[in-house]
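The block underneath contains the structure these notes are about, expressed in structure tokens.
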Amino acid sequence: MASITGKRLSLHRSLEDQQHQNDALKSRFAQLQHLANMGTASYMIAHEINNLLTPLRNYATLALNNPDDKALAEKALQRVVRNCERASKITESMLAIANGQTQEKKEARLLTLVEEIFTCLCRDFAKDGITVETCIAQDLTVWAVPVQIQQVLMNLILNARDAMLPHGGVLTIKATERSDAVEIEVTDTGDGIEPADLKNIFGSFFTTKTGKNSPSEYSGSGLGLAFCKKIIDGHDGLISVESKVSQGSKFKITLPKPQSGNS
């Protein structure tokens, strides 16, 4: 009997020791996960801010090179301020996502969001032989965190542009409204994506741009599409892609409408 009791006590102490070790490992894992989130957030912020730096520089240079044209300089500086404000919102948004915070969704006019993106990009796509076709109803709205949806669309638009360089092509941004959702399509007539790459296209750090020349000499970090998926998942939406080599790609986003009483 004493032997059985002793074995039980020994087993109990062993279980307690293992529980303490398990708790310590969980605590350590939580700390490492927080550091990983912050590291990823820093990388993603750098990726997104990089998309705004070129137009910021161009607007500032335009103002400096035309000091006597006050109207032009003022317009350029106003756009610099607007882009700086947008960069600040993007930073806040991405940090909130990395920290698991929920941001407030609201009704936003989709056409306005798209138009603001092209204002931020500064460079006229026509200069690269790219025709932009926008098929979005004036009154079509989405239920979303506006700056996050703009991040998604900006990434898709820039990827489409890169896919069509240097030969040019057609970029189409189309949106349709259903009873329960809004569907957005971003289509290009560029290089397309290899079939073997399609299954990995939304994975973190996966990129098809390695070694490819782009206007910014930026080879791609593999975070743009991964973050797009993270944002759309956070909106309870879906993002998918269809692509054929040498024929182009179509990215499709589905954003659900708020249920009655949840808006």
Going by the structure shown, is Ser179 in the same structural domain as His235 (by TED's automatic domain parsing), among the hydroxyl-bearing types (Ser, Thr, Tyr) and within 17 Å of the chain's Cα centre (by Cα)?
-> no
Complete set of residues in the range 56-106 that are under 18 Å from Val152 (Cα atoms) and crowded, with 17+ Cβ neighbours inside 10 Å = Asn83, Arg86, Ala87, Ile90, Ser93, Met94, Ile97, Ala98, Lys105
Would you point out the residue of the range 151-188, among those that are touching a Leu at 6+ places or on another chain (Cβ under 8 Å) and of a type in the set (S, T, N, Q), that is farthest from Lys257 (Cα to Cα)?
-> Asn159
Among the residues of the range 108-145, how many are surrounded by fewer than 16 Cβ atoms within 10 Å (Cβ to Cβ), touching a helix residue (DSSP H, G or I) at 6+ places or on another chain (Cβ under 8 Å) and among the β-branched types (Val, Ile, Thr)?
-> 3
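The values are calculated or read from the model by the stated rules, or taken from the named source; none is laboratory data. Note that the structure is a prediction, hence the values are computed from the model and not measured. Because the Cβ atoms are built from the backbone with ideal geometry, glycine has one as well, and the counts that use them run over all protein chains shown.
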